[in-house]
1. Could you tell me how many of the residues in segment 35-60 are under 24 Å from the mean Cα position of the chain (by Cα), surrounded by fewer than 18 Cβ atoms within 10 Å (Cβ to Cβ) and in a helix (DSSP H, G or I)?
2. Is it the case, given these coordinates, that Val205 is in a loop (DSSP other than H, G, I, E, B) and either more than 18 Å from Tyr431 (Cβ to Cβ) or out of contact with any helix residue (DSSP H, G or I) (no Cβ under 9 Å at 6 or more places or on another chain) (or both)?
3. Kindly list the number of the only condition in (1) over 16 Å from His172 (Cβ atoms); (2) among the hydrophobic types (A, V, I, L, M, F, W, C); (3) crowded, with 24+ Cβ neighbours inside 10 Å; (4) in contact with a strand residue (DSSP E or B) (Cβ under 9 Å, 6 or more places away or on another chain) that fails for Ile349.
4. Out of curiosity, is Thr368 assigned to a helix (DSSP H, G or I), among the β-branched types (Val, Ile, Thr) and over 12 Å from Val305 (Cα atoms)?
5. Out of the residues in segment 427-485 that are closer than 30 Å to Ser184 by Cβ and more than 19 Å from the chain's Cα centre (by Cα), state the one that is surrounded by the fewest Cβ atoms within 10 Å (Cβ to Cβ).
6. Hey, can you tell me all the residues within segment 106-153 that are part of a loop (DSSP other than H, G, I, E, B) and surrounded by 12 or more Cβ atoms within 10 Å (Cβ to Cβ)?
7. Could you look through segment 154-193, keep only residues that are buried (at least 17 other Cβ atoms within 10 Å of the Cβ) and at pLDDT below 95, and pick out the one that is nearest to Phe430 (Cα to Cα)?
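The values are calculated or read from the model by the stated rules, or taken from the named source; none is laboratory data. Computed from a predicted model, the values in this text were never measured in an experiment. In this analysis, Cβ positions are derived from the backbone assuming ideal geometry, glycine residues included, and neighbour counts consider all displayed protein chains.
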Amino acid sequence: MQRGYRTVQAATRPALLRHALAACLLASLAFAATPSRAADATATSITQIDAGHFAQAEATITEALANPATDAAQKEALLFQRERMRRILLDFKLDADAVKARLRKQIPDLSDAEFAVWDAQGLLEKQVIDGRTLYFNRAPGNLFRISAEARARRKDPVPFDDGPNEVLNDHHRAIRAAAIRTGSSSVLPMREQVTQTVTVHADAVPAGETLRAWLPFPREITGQQEGVRLVGHSAGDATVSGTDVLQRTVYLEQKAVAGKPTVFSITWEATLYARDFNIDPAKVVASPITPELKPFVQERAPHIVYTDALKAYSKKVVGNETNPYRIAQKLFAAVDTIPWAGAREYSTISNISDYTLHAGHGDCGEQTLLLITLLRYNGIPARWQSGWMFSDGKYNNIHDWGQVYLAPYGWVPMDVTFGRLNGDAKLEYFYLGGLDAYRVAFNDDFSQPFQPRAKQFFRSETVDSQRGEVEWKGGNLYFDQWDYDFSWHRVDPSRGDASARR
C-alpha cells in the first residue's frame, strides 16, 4: 500500500468497568488537574513504559495496587498499563540479527555497516526495554516503504499491494463529472452486501464457556451511506446499536465447543455514495465556532494534544495563511509527505498524534489523528471516521480517514492517507473534500463505548473499531486469539441478484 492502510490479515493488532475505554480513562487520570497519588502512579507508569523502563513501571503499578486508598477506577487504569506492557512485547519481538535475516531475503548482500546506517537514521522502529533492544515485528517490511534507498536495493520489484483508488483513475473522474452534472455532492450510488466474520481459535476458552463478540456495523449517514440493513447473523440473538451510537456494533454470543473454532458472522447491506464537494477556496470563510462545533476544535487527551512540537510544526507549515481551506490544504499536503508504514497496536501508544509527528511515518489512523490535531489547533473543526474499504476486484482493507468543517460547505471528507492525486491539477486535492464510493464507515468518533451492550474488560483496540472485539467471563481475548475477514458482492436492484466480487 503506497500510502495505504492496515491490511486485512489474521488479527495481530474496559476501560472503566462496563463503561469507559482504557484510553479515555488514561486521559482523565493522567491529565487530571489535581491527581491523586494513584493517578500520579498511573501517569508515572505511562512515562516509564514509554521510556522502556518496564521493571520500574511494574514496581510503580504493584505499589499503587497494594495501596488501600487506590479505588476501582484507578486500579483499572494501572492494570491497563500492565496490559500495555504485555501488548508492546507482542509487537516488539525481533532482535537485530532477526531483522537482518529478514532484510537479507530482499537484500542478500546487506552488510552490517549498511544496516547500522539505516538503524541510526531511525528507519527501523525499535524500543530499548530494560536494556534490551527490540525491534517492531513489521520494521523489516516497513523499511522499504520508508526508505527510497532501501527500495532501490530490494531484489523483488513487485509493487506494494496498494488500493486501486490511491492513484488517480476513472472513478475519480466519474465522481467529479457526476457532481458537476447533478449539482449534488453525493453521486454514483451502489448497493453492497457484506459478510463480516470473527473466528475465535479453537480452545481459546474452556468448552461450554460463553464467548461475547462485538462486530462493527455501518452507521446510517445521509448522503454517504443509506439504507443500512442487517440481513443475517450467526446463531443466537443479535443486539444492534442504535444509529446514534458513534462506534456502532452488532453484539453476539456463542458457547465454545472443544477442539473447534467459534465463528461469529453478520451480513448487512448498504447503499454507498461517492462524495465530491469540489471546493472553491475563494468561497471558504472562517466559521463561527458554535456549541456544536466547539468539541471539534478542542484538545482531547491522550491522542489530540497541542504539544510544543506540534505547535512549532504547524507554524512552519501554515505560515501567515488565513483562509481555512488553504490552511487545511497546507496541513493536508504536509502530513501526506509522511510515508505510510505498518503500525503497532494503537492501544500501546500513549499519544498517537505526537508519536506520528516524531516517528516520521504512520498508518492511516496515525496520519489522520495528526491531521485532525493540527486542524483543531488552527481553529478548524475536524473529526474522525473509520471503517472498511474494498474494490471491484479482490482488494479490501480496514481504513481510517476524517472530516473537516469548511464554511459554507459544512462537514466534508478528507483522506490524507490517500493524499494528493497526481496527474490532474483539478483533482489533485480530490481527497480534501471528496471520497470514493468504495468504503463504509463504522465509526464517527474514536475511543467511544459500545452501546447498548458494554464491554466488561479491556478492549483490544482502544481507539478504533473495525476488526471486532471478543471476551468471556475470564477476560478479553486479544488479537492473537482470533482472526477476522470480510466478503462482499454488489447487489443489482434491477435483477434482484448479485454479481460476485469475492
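1. Result for segment 35-60: 2.
2. Numbers: in a loop (DSSP other than H, G, I, E, B): yes; either more than 18 Å from Tyr431 (Cβ to Cβ) or out of contact with any helix residue (DSSP H, G or I) (no Cβ under 9 Å at 6 or more places or on another chain) (or both): yes.
Spelling it out, Val205 is indeed in a loop (DSSP other than H, G, I, E, B) and either more than 18 Å from Tyr431 (Cβ to Cβ) or out of contact with any helix residue (DSSP H, G or I) (no Cβ under 9 Å at 6 or more places or on another chain) (or both).
3. (4)
4. On the way: assigned to a helix (DSSP H, G or I): yes; among the β-branched types (Val, Ile, Thr): yes; over 12 Å from Val305 (Cα atoms): yes.
Criteria met by Thr368.
5. Glu428
6. Residues satisfying the conditions are Gln106, Ile107, Leu110, Gln121, Gly122, Leu123, Leu124, Glu125, Asp130, Asn137, Arg138, Ser147.
7. Filtering first and then ranking leaves Gly163.
Rundown of residues vs (1) β-branched (Val, Ile, Thr); (2) assigned by TED's automatic domain parsing to the domain that holds His489; (3) in contact with a strand residue (DSSP E or B) (Cβ under 6 Å, 6 or more places away or on another chain), yes/no style:
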position: Ala178; (1), (2), (3): no, yes, yes
position: Val200; (1), (2), (3): yes, yes, yes
position: Leu211; (1), (2), (3): no, yes, yes
position: Gly223; (1), (2), (3): no, yes, yes
position: Val240; (1), (2), (3): yes, yes, yes
position: Val245; (1), (2), (3): yes, yes, no
position: Lys260; (1), (2), (3): no, yes, no
position: Ser265; (1), (2), (3): no, yes, yes
position: Trp268; (1), (2), (3): no, yes, yes
